[in-house]
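Trainee: Just dropping this structure here.
The values are calculated or read from the model by the stated rules, or taken from the named source; none is laboratory data. Note that the structure is a prediction, hence the values are computed from the model and not measured. Counting neighbours? That spans all protein chains shown, and the Cβs are built from the backbone with ideal geometry, glycine included. Accessible surface is based on the protein model in full, side chains and every heavy atom, while ligands, DNA and RNA are left aside. Shrake-Rupley method; radii C 1.70, N 1.55, O 1.52, S 1.80 Å.
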Amino acid sequence: SSEVNTPLSSSVLTDVNNAKLFVVGAGGIGCELLKNLVLTGFRNIEVIDLDTIDVSNLNRQFLFQKKHVGKSKAMVAKESVLRLCPKANINARHDSIFNPQYNMQFFKQFDLVLNALDNRAARNHVNRMCLAADVPLIESGSAGYLGQVTVIKKSVTECYECQPAPRQKSFPGCTIRNTPSELIHCIVWAKYLFNQLFGEEDADQDVSPDTADPEAANNPGEKGDGSSEENNSHDLDKPRISTREWARECDYDAEKIFNKLFHTDINYLLSMDKLWQKRTPPKPVLWAECQEIQERQLDHQTVMTLQENARLFSESINALKDEFKKQGDGGMLVWDKDEDPAMNFTSSVANIRAHIFHIEEKSCFEVKSMAGNIIPAIASTNAIVAGLIVLQALCLIRKRFADCRTVYVCEAVNDTKKLLKPCTLDPPKRGCYVCAEKPEITLKLNTKTLTCEQFRDKILKSHLGMLAPDVEILDGRGTILISSEEDEEENQSLGQTLDSFNITHGSRLRADDFLQNYDIVVNILHEENLPDDMIFQVSETKGTIGASAEKETTPENNTEENSVVQEDKIEIIEDADPSASQDEIPRKRKRSSTNDKDSVLIDSSKRSKQCDDSVIVNDDNNVVVLD
Amino acid sequence: DSEITNEEFAQYDRQIRLWGLDAQKRLRQSKILVAGVGGFGSEVVKNIVLSGVFSVTLLDERKVCEEDFCSQLLITTNHVGMNIAEASKVRTQELNPNVEVYVDTESLDSKTADYFAKFDIVCVTRCTLQQRLDINNMCRKKNVKFFSGDVFGFYGYCFLDLGEHEYVEEVTVNKQVAISVEDGSAEEKTKSSETVSIKKTATFCSYETALKEDWKLRNRRSLRQSSSVFYILQILDEFQSRHQRLPIQNSMDSLTLSLIRKEILTKAGMKENFVSDDFQDFCCSVLSPVAAVVGGVMAQEVIKACSKKNKPHQNFFFFNGLNHTGIVDNICPK
Ligand SMILES: [Zn+2]
């Protein structure tokens with residue numbers, strides 16, 4: 001085959017043939033990438049993907065056909081690519097990249113890792129594994145017409161986590177429960193309602209009027225003696241009966257549920273009259289008012305009338321009831337945008353609520369985009385991105401690292417005429433809490449109220465992206481605060497507050513994730529007066545970073561909040577793909593992966609990059625987004 | 001029947017959310033010709049077939065050769081010696097059963113203006129400059145939208161002549177609505193955004209006209225933003241017209257290419273180093289990732305042209321896979 005005409009020299013071709021690659025993801029970008037790799041001459045490829053093939057993949061994931069729907073992406077991709085090149089040595093794994101068997105040793109066997117992922121959690125994890133194993137990583141993503149490719153090399157370039165994640169879109173609980181002003185608020189509420197009725201019950205997903213709304217302060221809303229059934233059920237401290245129990249008792253009767261949600265509860269909200277002093281008050285509706293004289297076929301592409309939504313509500317709640325009952329005792333449904341009853345339920349509930357609050361309704365099709373966080377995806381963008389990935393890989397194989405670039409795929413060109421815009425790679429960001437030599441972070445939190453469990457879940461796992469952290473108190477005695485080995489039940493300390501372990505202002509902790517080979521020192525600043533709803537703040541004090549615990553820091557004077565995480569603020573965490581949220585990410589781990597397939601989360605609009613023609617790029621075309 | 005079925009909806013969901021239902025409906029009425037089904041052509045075919053056009057015709061008289069296995073994604077190793085359009089048919093059909101797939105194994109030169117008039121869009125790849133000029137002019141006469149494109153090693157281009165092209169662009173406008181609260185004591189302003197479709201027209205010139213632009217009139221800034229791939233394409237066209245083949249990776253052809261480079265650039269009044277002096281080491285055969293990039297851009301332009309949605313790139317796209325730069329340039333005498 002050395003006779004074949006090619007623009008690659010024979011020595012480069014030999015290196016290409018011998019290189020060992022790890023492709024993480026066999027979806028939109030992954031399919032294109034695998035094809036390009038084998039055609040270019042790469043022969044040793046491992047590919048991993050936990051996902052199975054869905055019909056909505058077929059417009060771009062060209063290695064799959066209708067007959068493959070439901071099968072493993074990794075396995076089918078392998079078979080399909082082998083038809084192009086039977087002598088390629090491809091190993092496919094239908095598995096989660098978070099599986100501990102893919103440890104540092106595993107990553108070290110590869111010359112190069114190529115990410116073709118669709119969520120930040122997995123990208124963070126692979127980033128850490130590649131830093132630990134010191135293997136170069138090519139990162140990529142696409143969303144609609146936009147795309148991006150970059151190269152990450154330990155100690156030389158920025159790592160994936162050098163740039164902070166864009167803030168999660170979140171809404172205050174009282175907006176969702178009491179005063180929605182946008183359709184998305186109603187959609188979030190509808191998804192909560194789904195879980196309250198059929199899914200995993202979550203105390204953070206209450207759908208009843210929120211009497212603790214600060215806006216309604218001194219206005220308990222209770223009129224008269226407040227002894228009616230409904231009013232008692234709104235008492236947050238001692239709910240007499242859960243929404244689910246109530247629904248079960250009335251056998252999911254569409255009319256009764258409708259009237260409670262859209263009439264009784266709305267009337268209760270109206271009684272909290274402080275809320276409506278500067279807002280248009282909602283208008284309760286009764287089931288009886290929504291009955292149609294003449295039924296026409298429901299059209300998911302157009303905005304439905306209130307009557308049509310009531311019908312869709314009734315149909316979908318009946319379908320969900322049947323499914324739910326099939327699950328038996330203790331069973332539950334998992335919300336999935338691709339399941340029609342769940343989606344119809346969400347759309348009808350959100351639109352009826354929108355109607356009540358004078359918010360513009362949308363079609364089922366549009367509600368699905370918003371509820372499922374669907375990011376549009378097309379074959380051509382993925383093809384372009386995958387081509388750019390292999391060109392970066394060739395730079396690395398040719399040992400021309402200086403030629404590697406971050407490349408943005410734009411939708412249109414501006415005066416620089418660049419549709420594909422290369423920018424030089426940035427060096428590692430000082431103080432990055434992942435790739436710095438000795439990562440360190442300083443947090444303001446209330447040690448008297450924050451529990452070990454909150455510290456582990458909301459800070460170490462959710463904010464710092466750890467999978468299974470061990471935490472030691474740097475008190476000179478090596479006290480273990482949290483152990484990743486123990487079961488939840490055995491970990492007695494989890495419910496206790498930090499101060500019960502003598503963690504106070506100035507304490508230092510070391511959190512360590514064995515799999516990621518990642519540890520970070522956490523400096524604690526005790527703070528009792530955090531703004532409402534916040535459980536911690538990241539404090540970026542130049543003086544504190546790397547300083548000893550004894551050093552006094554006055555938060556008011558020399559700290560600068562650069563990151564805020566709020567408790568009880570609602571996050572849309574639902575991943576588009578239920579299998580990913582269940583298996584790929586271990587249960588209960590709430591990560592900021594809100595996106596659908598193929599997207600990347602690097603917001604270049606926040607950076608001004610030095611581009612090849614020495615033009616500072618900071619224009620709208622360069623905004624590549626997403627997650 | 002132009003109603004999109006539920007099955008189609010499920011399959012095209014992710015792209016209908018991008019370009020809308022009207023665009024998808026226009027796509028599924030479009031008839032496309034792809035002449036030249038090498039590595040680059042196969043990328044274009046893949047992307048447009050996946051998008052759900054009405055039909056695609058694969059035209060190529062050539063037989064599958066070893067070199068195709070480095071870039072052509074629609075054939076398998078047991079197709080050696082078979083007509084490449086014929087060999088690509090099965091895989092093309094598998095990509096999307098909704099699309100009619102036709103094969104034509106005759107020569108491109110045998111085709112007349114009436115043949116091209118049967119298509120909404122004609123794409124030519126792996127053809128001579130003369131074929132490009134002739135077919136472009138035939139398409140102009142018949143109001144058929146014309147595309148050409150190709151990949152040479154690390155370099156690639158595509159060209160569009162959509163004639164007088166009408167398209168729709170969506171613009172989001174924000175508006176503020178004032179809502180008076182019932183007792184009149186307060187006023188609430190709610191922001192809402194609205195998407196408005198705007199009709200626009202773009203006028204294209206022919207390939208022949210584009211070649212008449214005098215690059216000496218481009219200023220330094222403009223030249224810095226221009227792509228050398230335009231001249232690499234001309235050098236390769238000249239090589240092909242002299243040798244009736246494209247160059248291969250050997251010292252003889254390298255030398256010839258260097259000489260042609262000097263001639264072409266001198267004739268155009270350009271500095272010789274506008275094209276780097278080692279370009280001939282990187283311009284042979286078709287490099288798969290470059291075909292993917294340029295094929296992706298060209299197919300997206302075909303989709304835009306069929307669906308009459310969004311502003312087309314006017315009128316050349318050039319890609320240099322060595323520095324990862326993709327440039328859209330309007331080359332036309334001013
Ligand atoms: Zn970093």
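Trainee: Suppose each label sits 7 Å from its Cα in the direction of the beta carbon; what would the residue B:272-residue A:71 distance come out to in nanometres?
Mentor: 5.8 nm
Trainee: Over the Cα atoms of segment A:109-201, what Rg and Dmax result, in angstrom?
Mentor: For segment A:109-201, the Cα-based Rg and Dmax read 19.0, 55 Å.
Trainee: Could you work out the mean projected area of the convex hull around the alpha carbons of segment A:440-542, in square nanometres to one decimal?
Mentor: Seen from a random direction, the Cα hull of segment A:440-542 projects 6.6 nm² on average.
Trainee: Also: Taking every pair of distinct Cα atoms and averaging 1/r, then inverting, what Kirkwood hydrodynamic radius in Å comes out for segment A:383-482?
Mentor: When all Cα pairs of segment A:383-482 are included, the Kirkwood radius is 18.1 Å.
Trainee: Ignoring ligands, DNA and RNA, what accessible area per residue does segment B:16-156 give at 1.4 Å, in Å²?
Mentor: Dividing the accessible area of segment B:16-156 by its residue count gives 34 Å².
Trainee: While we're on this one: Using a 1.4 Å probe on the protein chains only, how many percent of the accessible area of the protein assembly as shown belongs to carbon and sulfur?
Mentor: Heavy-atom surface of the protein assembly as shown belonging to carbon and sulfur, 1.4 Å probe: 46 percent.
Trainee: Could you work out the Kirkwood radius for the protein assembly as shown, taking every pair of different alpha carbons, averaging 1/r and inverting it, reported in Å?
Mentor: 30.5 Å
Trainee: Further, regarding this structure: For the interface of chains A and B, what total accessible area is buried with a 1.4 Å probe, rounded to the nearest 100 Å²?
Mentor: In total, this chain pair buries about 5800 Å².
Trainee: Shielding of B:311-323 by partners, i.e. mean partner chain Cβ atoms within 10 Å per residue?
Mentor: Counting Cβ atoms of other protein chains within 10 Å of each residue's Cβ and averaging gives 3.
Trainee: List, in order, the whole-Hz ³J(HN,Hα) value for each residue of segment A:312-329 obtained from phi through the Karplus relation with A = 6.51, B = -1.76, C = 1.60 and θ = phi - 60°; use x for Gly and Pro.
Mentor: Values, residue by residue: 4, 4, 5, 4, 6, 5, 5, 5, 5, 4, 4, 4, 4, 5, 4, 5, x, 5 Hz.
Trainee: Given DSSP loops and a limit of at most 10 other Cβ atoms within 10 Å, what is the longest stretch of chain B that contains no such GluC sites (Glu not before Pro)?
Mentor: B:4-181
Trainee: Could I ask something else about it? Name the residues of segment A:52-74 whose accessible area, probed at 1.4 Å, falls by at least 10 Å² once all protein chains are in place instead of their chain on its own?
Mentor: Buried by 10 Å² or more upon assembly, which counts only protein chains, are A:55, A:56, A:58, A:59, A:60, A:62, A:65, A:66.
Trainee: Right, here's the next one. Per residue of A:38-47, what is the mean number of Cβ atoms on other protein chains within 10 angstrom of that residue's Cβ?
Mentor: 3
Trainee: Enumerate the residues in segment A:323-352 having an amide nitrogen under 20 Å from the point lying 7 Å beyond the Cα of residue A:283 toward its Cβ.
Mentor: Once the point is set 7 Å along Cα→Cβ of residue A:283, A:348-352 turn out to lie under 20 Å by backbone N, inside segment A:323-352.
Trainee: A further question on this structure: For the cross-link pairs A:256/A:368; A:169/A:191; A:35/B:46; A:154/A:429; A:362/B:304, which exceed 18 Å when the distance is taken from alpha carbon to alpha carbon?
Mentor: A:256/A:368; A:362/B:304
Trainee: How fast does segment A:1-111 diffuse by Stokes-Einstein, in µm²/s, taking the Kirkwood radius from C-alpha pairs at 4 °C and 1.567 mPa s?
Mentor: For these conditions, the coefficient is 88 µm²/s.
Trainee: Given 25 °C and 0.890 mPa s, how large is the Stokes-Einstein diffusion coefficient of segment B:207-281 in µm²/s, with Rh as the Kirkwood radius over Cα pairs?
Mentor: The estimated diffusion coefficient comes to 188 µm²/s.
Trainee: Accessible area per residue, 1.4 Å probe, Å², for segment A:367-456: what's the number?
Mentor: Roughly 33 Å² per residue, with all protein chains present.
Trainee: Let me ask something else. Run lengths n ≥ 4 of DSSP H only: what is the helix-derived mean residue ellipticity at 222 nm for the protein assembly as shown, with -39500 (n - 2.57) per run over all residues, to the nearest 500?
Mentor: Estimated from H runs of four or more residues: -9500 deg cm²/dmol.
Trainee: Something else about it: In segment B:222-237, which residues become less accessible by 40 Å² or more once every protein chain is in place, relative to the chain on its own, using a 1.4 Å probe?
Mentor: Residues shielded by partner chains are B:225.
Trainee: Hey, another quick one. If the convex hull of the alpha-carbon atoms of segment A:181-358 is projected onto planes in all directions, what is the mean projected area in square nanometres?
Mentor: 11.0 nm²
Trainee: Under a 1.4 Å probe, what is the accessible area of segment B:207-281 per residue, stated in Å²?
Mentor: Result: 57 Å² of accessible area for each residue.
Trainee: Same structure, new question: Just order B:138-151, A:97-110, B:279-292 by mean Cβ neighbour count inside 10 Å, highest at the front, would you?
Mentor: Ranking, from highest mean packing down: B:279-292, B:138-151, A:97-110.
Trainee: If you don't mind, another one. Along the principal axes of its C-alpha atoms, what lengths does chain B span, in descending order and rounded to whole Å?
Mentor: Result for chain B: principal-axis Cα extents of 89, 50, 36 Å.
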